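Where a number appears in this text, it was derived from the coordinates with a stated rule and is not lab data. Just so it is clear, the model here is predicted, and its values are computed rather than measured. A quick note on method: Cβ atoms are made from the backbone with ideal geometry, for glycine too, and the neighbour counts reach across all protein chains shown.
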Amino acid sequence: MSFLKEFRSFAMKGNIVDLAVAVIIGGAFGTIVSSLVDDIVTPLLLAPALKAANVHEIASLSWGAVKYGNFLSAVIKFILISLVLFSLIKTMNAFKKKDEEVSAPPEPSSTDKLLTEIRDALKK
């Protein structure tokens with residue numbers, strides 16, 4: 001078996017592909033969680049606290065502004081990454097299926113055919 005064929009069979013194993021997809025999706029989801037905390041939750045919690053503390057200098061910073069756009073951007077990126085991965089995996093599975101169809105099981109040997117005929121005759 002050539003080096004490229006061995007590498008291809010190694011790289012296309014289900015476990016490796018599943019792990020790669022999990023790492024990519026996990027990173028993208030981590031971005032969503034970070035954006036949720038940094039851009040939505042933290043400003044919503046800090047704005048009332050800063051107003052209650054009457055700290056005008058700090059309150060004038062951008063901490064009080066909820067950044068919905070950043071969060072929506074992270075969600076859209078996650079959806080796009082998921083769609084791209086889905087289409088890649090679907091294409092890869094289609095190629096695997098074609099490879100499996102090409103390598104159909106071999107024709108039974110003459111001995112196997114003869115034994116099958118004897119078995120069928122004995123059943124009758």
>> What are the ³J(HN,Hα) couplings of region 72-79, residue after residue, when phi is run through the Karplus curve with 6.51, -1.76, 1.60 and θ = phi - 60°? Round to Hz, x for glycine and proline.
In response: 5, 4, 5, 5, 5, 4, 4, 5
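Would you tally the net charge around Ile118, using a Cβ to Cβ cut-off of less than 13 Å, leaving Ile118 out, and scoring K and R as +1, D and E as -1?
On the way: positive: Lys113, Arg119, Lys123, Lys124; negative: Asp112, Glu117, Asp120.
So the surrounding residues net to +1.
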> For region 81-88, in order, what is each residue's ³J(HN,Hα) by Karplus, 6.51 cos²θ - 1.76 cosθ + 1.60 with θ = phi - 60°, in whole Hz (x at glycine and Pro)?
Replying inline: 4, 5, 5, 5, 4, 4, 5, 5
>> Using each residue's phi in region 34-39, evaluate 6.51 cos²θ - 1.76 cosθ + 1.60 at θ = phi - 60° and report the 3J(HN,Hα) Karplus result to the nearest Hz, with x for Gly and Pro.
In response: 4, 5, 4, 5, 6, 9
> Which lysines have a Cα lying under 20 Å from the Cα of Lys123, excluding residues fewer than 8 positions away in the same chain?
Replying inline: Lys113
> What's the FRET efficiency of Lys97 with Ala47 using the Cβ-Cβ distance as r and R₀ = 35 Å, to the nearest 0.05?
Replying inline: 0.05
